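Asks: For reference, the structure I am asking about is given below.
The values are calculated or read from the model by the stated rules, or taken from the named source; none is laboratory data. If you're wondering where the values come from, they're calculated on a predicted model, not measured in any experiment. Cβ atoms come from the backbone with ideal geometry, glycine included; neighbour counts cover every protein chain shown. Heads up: the accessible areas ignore ligands, DNA and RNA and are worked out on the full protein's heavy atoms, side chains in. Shrake-Rupley method; radii C 1.70, N 1.55, O 1.52, S 1.80 Å.
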Amino acid sequence: RLYDMYGHEGLKHSGFQGFSGTGDIFSAFSDIFEGLFGFGGAANHNGPRQGRDLRYDLEMSLEQMAQGFTAQIQVGREVACEICGGSGAAEGAAPEVCATCGGQGQVARAQGLFRVVTSCPECRGEGEIISDPCGDCHGRGRSYEQKELSVQVPAGIAHGQRLRMRGEGEGGQKGSPPGDLYVVAHQEPHEIFERQHDDLYRRLEVSMVQAALGRNVAVGTLIDGDQPLDIPSGTDTGEMIRMKGLGMPRLRGSKRGDMYVQLMVKTPAKMSKQQRELLEEFESLGDKTAAPEPVPEPAAQGKKKKRLFGRG
C-alpha cells in the first residue's frame, strides 16, 4: 500500500529497506512467503545435525518385570568414522566448498512470484565436495558398528514403557551430539498369571470338599513363593479372593498391587465305591433335612379371600 501511494521513497521513509528497485520486489515478497509457508530455505541444511534416535524392543518375562534385572543387548548403529573423524576426506585432505551452491547445499530459481529452492545437484545438499575420499568410509564420514550395552530394567516396569539411554543412538554429523536409544519393554505371555496394571490374576483348582467345608491351602505367587489362602466354606466356582500386597511392585513408590485368585471347583471324574456310597448318603441326608414347601389350601367357596399385604 505504501509503495502504491508513495513509491520507493515512501518505503524508504517507513524504515523498509528490502529492495532498492522494482526489479527486486518479487524476491522480497518471496522471502515473506518462505517464512510463512516454508517455501525455500534460509535454513542451512548442510550444517551439523544431531544423530537419529534408535529403538530396541526388549522381550522380558513377568518375573523379570516384577523383580528388575540387567539386560545385555547388542545395538547396531552408524557413528562417525574413526579414520577421518567424520569429515569423509582422506588423511591430509579436506572437503572443498561446493562452487555451485557456495556451501549452502541449496540452489534457488525464480518461478513467478515464488523462489523455488532445491538441493544442490553437485554436492547433493552437503555444501561440500570431497575430491579425495576416506578409504575406510568411502567419503560418507560414517561407519557401522555393533555395541553391547547394559540396560538397567527397574522393578515394576510395564509392557510398552520405554527406557531412555542418552547418547546411545546414532552418531551426529559434523561434530553434533549423538541421538538417544529407547528400549521398549515387551512382556512375554505367562502360563499362570495375568497382569492388569499393578494387579495380578490367577486361577486355582480346589476340590468340591474344600469348597464345601472351607480349608486353608497354599497358593503360589509370582515372587513371594507359596502363601496361605483361606477358602470360605460354601465357596462356588468362579469366586474371587483378594490377596493384598502380593501383586506387582509399583514403578514409582514402595507399595505393591494385589493378587486375585479365582477359585475353580473341580469335580472328580473317577470315584471309588466307598466315595460314591458316601456321596449318595450325603444326598439322601440332604433330602430328609430339606423342609417341604407349604401347599396353599384352596379358598372355600363363597368366602372372602385374605389379602397378603395390608388392607387396601
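Asks: How about the range 213-261: which of its residues are acidic (Asp, Glu) and modelled with pLDDT of 95 or more?
Replies: Here is the first cut: in the range 213-261, the residues acidic (Asp, Glu) are 224, 226, 230, 236, 239, 258.
Passing the criteria: only Asp258.
Asks: Could you list, in sequence order, all residues of the range 192-240 that are within 30 Å of Gln67 (Cβ to Cβ), surrounded by 15 or more Cβ atoms within 10 Å (Cβ to Cβ) and of a type in the set (A, V, I, L, M, F, W, C)?
Replies: Scanning the range 192-240 gives Phe193, Leu200, Leu204, Val206, Val217, Val219, Leu222, Ile223, Leu229, Ile231.
Asks: Quick test of your reading of the structure: Pro189 fulfils all but one of (1) open to solvent by 80 Å² or more (accessible area, probe 1.4 Å); (2) touching a strand residue (DSSP E or B) at 6+ places or on another chain (Cβ under 9 Å); (3) closer than 22 Å to Ile157 by Cβ. Name the failing condition by number.
Replies: (2)
Asks: Limited to the range 153-179, what total is found for residues that are surrounded by fewer than 18 Cβ atoms within 10 Å (Cβ to Cβ) and either farther than 17 Å from Ile73 by Cα or within 17 Å of the chain's Cα centre (by Cα) (or both)? Please lay out each step first, then the result.
Replies: The first filter runs over the range 153-179 and keeps only residues surrounded by fewer than 18 Cβ atoms within 10 Å (Cβ to Cβ), leaving 154-155, 158-164, 166-167, 174-177.
If we keep only those that are either farther than 17 Å from Ile73 by Cα or within 17 Å of the chain's Cα centre (by Cα) (or both) as well, we get 154-155, 158-164, 174-177.
Matching residues across the range 153-179 total 13.
Asks: When only residues in the range 241-265 that are among the charged types (D, E, K, R) and surrounded by 13 or more Cβ atoms within 10 Å (Cβ to Cβ) count, which is nearest to Pro154 (Cα to Cα)? Even if it seems obvious, please write down each step before you answer.
Replies: Our first condition is that a residue be among the charged types (D, E, K, R); within the range 241-265, this holds for 242, 244, 250, 252, 255-256, 258.
If we keep only those that are surrounded by 13 or more Cβ atoms within 10 Å (Cβ to Cβ) too, we end up with 250, 256, 258.
On the way: Arg250: 10, Arg256: 14, Asp258: 19 Å.
Filtering the range 241-265 for residues that are among the charged types (D, E, K, R) and surrounded by 13 or more Cβ atoms within 10 Å (Cβ to Cβ), the one nearest to Pro154 (Cα to Cα) comes out as Arg250.
Asks: Suppose we filter Gln74, Gln111, Gln152 for residues that are of a type in the set (S, T, N, Q) and touching a Ser or Thr at 6+ places or on another chain (Cβ under 7 Å); which single one remains? Spell out the reasoning first.
Replies: Numbers: Gln74 fails: touching a Ser or Thr at 6+ places or on another chain (Cβ under 7 Å); Gln111 fails: touching a Ser or Thr at 6+ places or on another chain (Cβ under 7 Å).
Answer to the selection: Gln152.
Asks: Can you name the strands (runs of 3 or more DSSP E) wholly within the range 126-215 that have at least 1 residues being polar (S, T, N, Q)? So that I can check it myself, show each step before the final result.
Replies: Working: elements: 142-153, 162-165, 181-187, 194-196, 199-207.
In the range 126-215, the matching strands (runs of 3 or more DSSP E) lie at 142-153, 181-187, 194-196, 199-207.
Asks: Output the residue which, of all residues in the range 111-125 that are within 41 Å of the chain's Cα centre (by Cα) and assigned to a loop (DSSP other than H, G, I, E, B), is surrounded by the most Cβ atoms within 10 Å (Cβ to Cβ). Write out each step before concluding.
Replies: From the range 111-125, those within 41 Å of the chain's Cα centre (by Cα) are 116-121, 123-125; that's our starting set.
Still in the list and also assigned to a loop (DSSP other than H, G, I, E, B): 120-121, 123-125.
Numbers: Cys120: 21, Pro121: 10, Cys123: 23, Arg124: 12, Gly125: 17.
Result: Cys123.
Asks: Let me ask something additional. Can you name the residue in the range 68-83 that is over 30 Å from Pro249 (Cα atoms) and at pLDDT 75 or above and, of all such residues, is least open to solvent (accessible area, probe 1.4 Å)? Spell out how you get there, then give the answer.
Replies: Step one: of the range 68-83, the residues over 30 Å from Pro249 (Cα atoms) are 76-83.
If we keep only those that are at pLDDT 75 or above as well, we get 76-81.
Details: Gly76: 30, Arg77: 19, Glu78: 48, Val79: 28, Ala80: 43, Cys81: 2 Å².
Looking at the filtered set, the residue picked out is Cys81.
Asks: Would you check if there is a residue in the range 140-147 being crowded, with 17+ Cβ neighbours inside 10 Å, touching a residue at least 24 places away in the same chain (Cβ under 8 Å) and of a type in the set (Ser, Thr, Tyr)?
Replies: Yes - at least one qualifying residue is present in the range 140-147.
Asks: While we're looking at this one, here's another question. Could you tell me which of the residues Ala108, Ala90 is touching an Asp or Glu at 6+ places or on another chain (Cβ under 6 Å) and surrounded by 15 or more Cβ atoms within 10 Å (Cβ to Cβ)? Write out each step before concluding.
Replies: Working: Ala108 fails: touching an Asp or Glu at 6+ places or on another chain (Cβ under 6 Å).
Just one listed residue meets the conditions, Ala90.
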